[in-house]
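As structure tokens, the structure follows; a few thoughts come after it.
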Amino acid sequence: MRAASERVAKGGHIIETECGLIEYGNAGNGPPVLVIHGAGGGYDQGLLIGSQMFGADLTLIAASRFGYLNSPIPEDSSLEAQADAYACLLDALDIDRVIVVAFSAGGPSGLHFARRYPERTATLIMRSAISYIDPSKAEDREREASINRVIGLGPITRGERAAQHRVGADRLNRGSKPRFCGNVTSLVAKAPR
């Protein structure tokens, strides 16, 4: 706990964007990587995990998601708004295209960023990330279908959904092959710049 407090005490940056205030931290030197943290921290967790993954060979940009550390919770705090906030942060930093790495609870907003901004997403890496939503409305089913297209899965039938609920299995563990596979280093090396 002390180490985490010390990381946060060093401070991130708060920047005014078209989407409002966003707290972020950055480190390293090289191609840009947007690191999206999980539930256990903010930008500090993103930088910690990103540096463990990549070292200093890439420029890590880690935003605190809505409500984490010093990032406020806007009136619209949907996954779409969070994805838009990442795009606004990149605009404010004058960055056109990034490798996106989403961890844990950062997975859904990472998927939405890749879906909403494919031209800005060089590669999407989901690491121990949440990738499943259970939509009940028609618009949510379309959103899920869009996400499935991003990660290379087809539509899901009611029977498949019910089976998922019974066993609590993540869709990617059902035996279907993800579109992108390989170790992180090779994915980053192959990412279009």
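Given the condition assigned to a loop (DSSP other than H, G, I, E, B), within 15 Å of G12 (Cα to Cα), of a type outside the set (G, A, S) and more than 13 Å from the chain's Cα centre (by Cα), answer yes or no: does some residue in segment 37-57 qualify?
Taking every residue of segment 37-57 in turn, none turns out to be assigned to a loop (DSSP other than H, G, I, E, B), within 15 Å of G12 (Cα to Cα), of a type outside the set (G, A, S) and more than 13 Å from the chain's Cα centre (by Cα).
Scanning for something in a loop (DSSP other than H, G, I, E, B), free of Cβ contacts under 8 Å to residues at least 12 places away in the same chain and not β-branched (V, I, T), does segment 84-93 turn up at least one residue?
no
Pairs under 6 Å by beta carbon, first residue at positive phi in segment 20-41, partner part of a strand (DSSP E or B), six or more apart or different chains?
Sorted first by the residue in segment 20-41, then by its partner, the pairs are G28/T59; G28/L60; G30/T59.
Starting from segment 51-64, take each residue that is modelled with pLDDT of 95 or more and list its partners that are of a type in the set (D, E) and not in a strand (DSSP E or B), counting only C-beta distances under 9 angstrom and pairs at least six apart or across chains.
Partner pairs satisfying both residue conditions: A62/D44; S64/D44.
I want to confirm something. Restricting to segment 1-36 and keeping residues that are modelled with pLDDT of 95 or more and of a type in the set (D, E), which single residue is nearest to the chain's Cα centre (by Cα)?
E23
Identify the residue in segment 58-79 that is in a loop (DSSP other than H, G, I, E, B) and of a type in the set (S, T, N, Q) and, among all such residues, is nearest to S128 (Cα to Cα).
S64
Would you point out which residue out of G20, G40, G12, G28 is touching a helix residue (DSSP H, G or I) at 6+ places or on another chain (Cβ under 9 Å), crowded, with 23+ Cβ neighbours inside 10 Å and not charged (D, E, K, R)?
Selected residue: G12, the only one of G20, G40, G12, G28 that is touching a helix residue (DSSP H, G or I) at 6+ places or on another chain (Cβ under 9 Å), crowded, with 23+ Cβ neighbours inside 10 Å and not charged (D, E, K, R).
Could you run through segment 94-115 and say how many residues are surrounded by fewer than 19 Cβ atoms within 10 Å (Cβ to Cβ), assigned to a helix (DSSP H, G or I) and on the phi < 0 side of the Ramachandran plot?
Selection size over segment 94-115: 1.
The values are calculated or read from the model by the stated rules, or taken from the named source; none is laboratory data. Because the structure is predicted, anything quoted here is derived from the model rather than measured. Glycine gets a Cβ as well: all are built from the backbone with ideal geometry, and neighbour counts include every protein chain shown.
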